[in-house]
Every structure is written in structure tokens, then in C-alpha cells.
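Note sheet for the following structure.
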Amino acid sequence: MASCSTFNLSPSPKPTKPLPHSLLKPLIQEPETESRTQIQTPYPKLIITGPSKLSGHVPISGSKNSALPILAATLCCSGTSKIHNVPNLFDTRTMASVLASLGAKVEVFNNEMLVNTDGVDSVEPNSDEIRKIRGGFFVIGPLVARFGEAVVALPGGCNIGTRPVDLYIRGLQALGAVVDLRDGKVQAYAANGRGLVGGSFQLDYPSVGATETLMMAACMADGMTVLSNVAREPEVVDLARFLNDSGACVEGAGSNQLVIKGKPLLHGSECVIAADRIEAGTFMLAAAITRSCISISPVIPCQMSCLIHKLSAAGCKIRQYSHDTLEVSAVSRCGGENLQSFEVKTGPYPGFPTDLQPQIMALLTTCNGLSPVEESVFDKRMGHVSELLKLGAKIQVCASTALVFGKDNGSVLSGSSLVANDIRGGMSLVLAGLAAEGTTDISGVAHIDRGYENLDMKLHSLGADVKRLMPLAS
Ligand code: EPZ
């Protein structure tokens, strides 16, 4: 955990800007828009022919959910920040557009982004960009902390529940912001007309995004801030590391309490986005559901312990080859043919990650026995069940728990036409398609592309029969 060290930062004056006219002018009437990420059609389909056997090694990309808050955090920093190993995804490209819409200079080279915020001349990011993803909303923290005001549209993101922003709003209020929600936009400004002030706030729920947003805001609040019941996810720790490398003083990242000493302004720094633990877990599940043996790297094994425990109990063999390489084997000679059912209950880190719930449910349809899967983080993250049923899975959903009947209880997967409706639910369908007998076509692939870089290339390199079918030009 990064500790605070004394920085010889000469306290540069907070960039005082007159409260922009946006506070004065009535907010323009925004057309009511569905605030869920909507994917433009026509978009390619994935055509998967199963059952697949996988083999070889798959490289894991940088973490989407680390990259998004760190890109937002560049707004806390003067000068240029250099971010390496940024996954080339719809979401990270959208975040780059959000920053550019504020006047930042953003240069993108494949998996590297350079962000210079000295030219930021607005506190109101492009609403259409904000509504495309969840992570763009995080900029509200740095904006109101650095410029004294922010006007940000309510976010988009996966359609997996209500996904309110009340904790963001109440947390900013605890730091001295006046916050209004009008015409689908959150408008926040520093009550004292200059900037935020340190305070204390206990989150009702360890929200990842709220934790990250309030951490960024507190880094530039005047005085000390204590945030309690915060999220402990690795992505929160990654953000704190970037902020501390940029001159902040954040203590406690990875625990349930953050103590933050505000600074006038941070400076640009360089960082490498860590490997995506959710992508890593997804490929581990791909090995299990196809009864294959593959290796993955880079991965941080200690972040995967929940999943490693479940897969080992089911009958998979998991070996750590080096500090950042895991091998997952479920081949029949290792007894992998008959994986045993197990129960799953998602929860905040270090609990079982909700972002692997749809994917592990696909695996459970191929195991022996009955598996209860309880989704305790989001109130509507079962959209993939209806699609899995089209493949022949036997699943019953009651409230937030799904009962998965394994192959010895009638779940026999055979190809069908499916529709992906969110990132991880869509990935669940891909995994099931790899195991199903025959051809599965999946539309809504744009949802999956939001969270998985070069997915079909990676699956193809492991031996899967996966094609991306481009739509006929209309
Ligand atoms: C982040 O979303 C991730 N997204 C999600 O990943 C991930 O599933 C989630 O954390 C949980 O780990 C990004 O980091 C961009 P939350 P976030 O706030 O921050 C409630 C993916 O597939 N809540 O921790 O939006 C909320 O309703 C995506 O990569 C409030 O009540 O998640 C939910 O029930 C999907 N009030 C719970 O907290 C608030 O103000 C967890 O949400 C905020 C959240």
C-alpha cells in the first residue's frame, strides 16, 4: 500500500476560474434519452462452432476498470500524464473523448494515452459521450475539486440494475459541494466559491465508482478527508497508486477506510495499467467450460483467489508457473470431464466478483449437480439467463438467485441464435457457445467489445472456431 511521503511541491495556486456561465444560464433542455449504453446497429455477429477444445497461452490486456478512473484522474494533474497498457476498447476511447470535450489534449497510440490537461476550458463534458459508458461520470470529482464546478450528465453503462449516483452526490456534499440534479445532469459547485474542503463520509455501500470519484475529489480538497466503508477492489488500489505518484496523499487503499490529505494541484505522472483480472477470470472459465488446458499471463494470482478456490473445488487443476502466469486444466485425464457443481454468491472485493457471475453460470450448466448462484451486488444482473436457456440450459431464477441444473439434470447445450445485452452477460454466451454442440451466433457483440480487447483473435489463437461476421453494407 502506498504510504504518504513528503512532496516538495511548491503549492501552486489553485487555478481559480470564475464560476462558468453554466451556473447562471438555465441548463438546456436535454432530450430524454435512455441512459443505458445503446449500441448502434448493424454491428458484426460472432459465429462460434462448438464444442471447442482450447490449448496454448493467452495474453491478458490492461484492466478496463483500472484505466477508466486513472484517465479521469489525469484531470487532477497539471501537465502531461502518460498511461501505458490501456486496453483499446470502446470504453477507453470514449473516456478519451470525454477528456477531449473538456479541452484536454489526448494523444492515443495503440495501448498508450498521453493526456495534457493544461488546456481544459470547460467543466461540462459532452453529454452524449458521458451517456455511452459508466466510467465517464467519474470526472465529476476531479472537475469540481480543481475548477470549483462540474456539470455532468447521468451516466450510461451496462443495463444490470438501477445504478444510482446518490453516494457520489452525498459524498461531494460532505466535501463542501452544492449538488443539484436537473434535466438529467448533475451540477456540483464548491459552496465557498473556491474549492472543496476536507470532510468525512461513510458510504452506505462500498461502491467502486463512488469510492474512486470521492478519492479523486478529496485529493484536491483543502484539508483532511476520511472516507469509510469504501470499496477495496484492486482497481481502487491502482487509482490510489497513480494519484500518490502524481503528488497526492492517499492512505488506506485496499482497506475499508481512506485517509486523504488534500493538495492544491497534482502533477502529471506515468503509469502502467495492471492486467485485467476479469478478463483473466473469463479465460480461466473458458478453459474449464471447454474441458481444456490453457495458460494465461500476465495475471495477479492473489486477485483471483475466489475463482481459483471455486474451480479447484469443482475439479480443475490450477498451477502457478511464475509470479504472473497461471495454467488452468480441466482435461478429462485430470478428471476435468466431470466437474462438480458449487454455489456462488457475489459480493464486494475480496468476495466473488459480480463481473464473473454470468460467465461462471455458463460453466455451471456443464457441471454435475445443482448450483445456486446469488447476485448480491446488482439488482438486475440475470439478463444472460434467458439467452442461456435458448442453448438448452436448465436454470430457474427466483429474485436475485439462479438455480443452475447441471448436465446430469438435463442441461445439454446446443447451438442457437443469441443476443448479448451487456459486457459480461455477452461473454457468458460466448463461453456457452464454445461448449455447445453446433453453431451459435451472437449479436450485440458491441457490448462485449466494450470490455474485451481482440476477443475473437485471442479465442482463435487458442484453437476456438470463432468468426466475426461483418453485416452486409446496408
Ligand atoms: C464498477 O461499477 C465497475 N465498472 C463494474 O464493472 C463492476 O461490476 C462494479 O464496479 C462492481 O464491482 C467500472 O469500474 C467502470 P458500484 P460501479 O458503484 O462503480 C450501488 C463491467 O462489466 N450504488 O460498485 O458502477 C449500485 O446500485 C462493469 O466491467 C448505489 O446504490 O459499481 C450497485 O448495486 C459492470 N449508489 C452497487 O452499489 C451509488 O451512488 C455496486 O455498484 C453507486 C452505487
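The values are calculated or read from the model by the stated rules, or taken from the named source; none is laboratory data. Owing to the predicted nature of the structure, the values given are computational and were not obtained by experimental measurement. Cβ sites come from the backbone with ideal geometry, for glycine too, and all protein chains shown count toward neighbours. In case anyone asks, the SASA skips ligands and DNA or RNA and just uses the protein heavy atoms, side chains included. Shrake-Rupley method; radii C 1.70, N 1.55, O 1.52, S 1.80 Å.
Ligands, DNA and RNA left out, the 1.4 Å accessible surface of the stretch 62-272 is 47% carbon and sulfur atoms. By DSSP, the beta bridges lying fully in the chain are antiparallel in about 70 percent of cases. Computed with a 1.4 Å probe over protein heavy atoms only, the accessible surface of the stretch 62-272 comes to 30 Å² per residue.
Per-peptide packing, taken as the mean over residues of other Cβ atoms within 10 Å, places 238-249, 393-404 in the sequence 238-249, 393-404 from highest down. For the stretch 62-272, just say rounded, prolate or oblate: build the C-alpha gyration tensor, square-root its eigenvalues into a ≥ b ≥ c, call rounded for a/c under 1.5, and beyond that prolate if a/b exceeds b/c, oblate if not. Taking the square roots of the gyration eigenvalues as a ≥ b ≥ c, the stretch 62-272 is rounded. Remark: the residue 439-residue 182 segment gains 87.7 nm on full extension, using 0.36 nm per residue and subtracting the alpha carbon distance. Backbone amide hydrogens, once placed in the peptide plane, bring residue 293 within less than 5 Å of 54, 330, excluding anything fewer than 5 places away on its chain. Which of the three applies to the stretch 277-469, rounded, prolate or oblate, going by the alpha-carbon gyration tensor with a ≥ b ≥ c and a/c under 1.5 meaning rounded? Because its axes are fairly even, with a/c under 1.5, the stretch 277-469 counts as rounded. Within the shell defined by Cβ-Cβ distances under 11 Å, the residues around residue 344 carry a net charge of -1, with Lys and Arg each +1 and Asp and Glu each -1. Across the stretch 47-58, rounded Karplus estimates of 3J(HN,Hα) from the backbone phi angles (6.51 cos²θ - 1.76 cosθ + 1.60, θ = phi - 60°) give 10, 10, 10, x, x, 9, 10, 10, 7, x, 10, 10 Hz, Gly and Pro being marked x.
Here the Karplus curve 6.51 cos²θ - 1.76 cosθ + 1.60, taken at θ = phi - 60°, turns the phi angles of the stretch 189-197 into couplings of 8, 5, 4, 8, x, 10, x, 6, 10 Hz, with x standing for Gly and Pro. Near the amide H of residue 345, within less than 5 Å, lie the amide hydrogens of 374, all on another chain or at least 5 residues away, with H placed in the peptide plane.
Excluding residue 48 itself, what net charge comes from residues whose Cβ is under 12 Å from its Cβ, given Lys and Arg +1 and Asp and Glu -1?
Values: positive: 45, 467, 468; negative: 437, 441, 456, 465.
Value of the local net charge: -1.
Give, as a single signed number, the net charge of other residues whose beta carbon lies under 12 Å from the beta carbon of residue 75, with Lys and Arg counted +1 and Asp and Glu -1. Result for the local shell: 0. Model label sites at residue 84 and residue 343, defined 7 Å from Cα along the beta-carbon direction, differ in position by 4.5 nm.
Judged by the gyration tensor of its Cα atoms, with axes a ≥ b ≥ c, the chain is prolate; a/c meets the 1.5 cut and a/b is the larger of a/b and b/c.
Which order do the peptides 140-152, 349-361 come out in when sorted by mean C-beta neighbours inside 10 angstrom, highest first?
140-152, 349-361
Distant-in-sequence amide contacts of residue 397, defined by a placed amide H-H separation under 5 Å and a gap of 5 or more residues or a different chain, comprise 403.
Between their Cα atoms, which of 53/394; 394/467; 310/380; 317/380 are more than 31 Å away from each other?
317/380
Using mean Cβ contacts within 10 Å as the protection proxy, how do 43-53, 455-465, 206-216 order, highest first? Show your work: numbers first, answer last.
Numbers: 43-53: 19.4, 455-465: 17.8, 206-216: 26.5.
Peptide ranking by packing, descending: 206-216, 43-53, 455-465.
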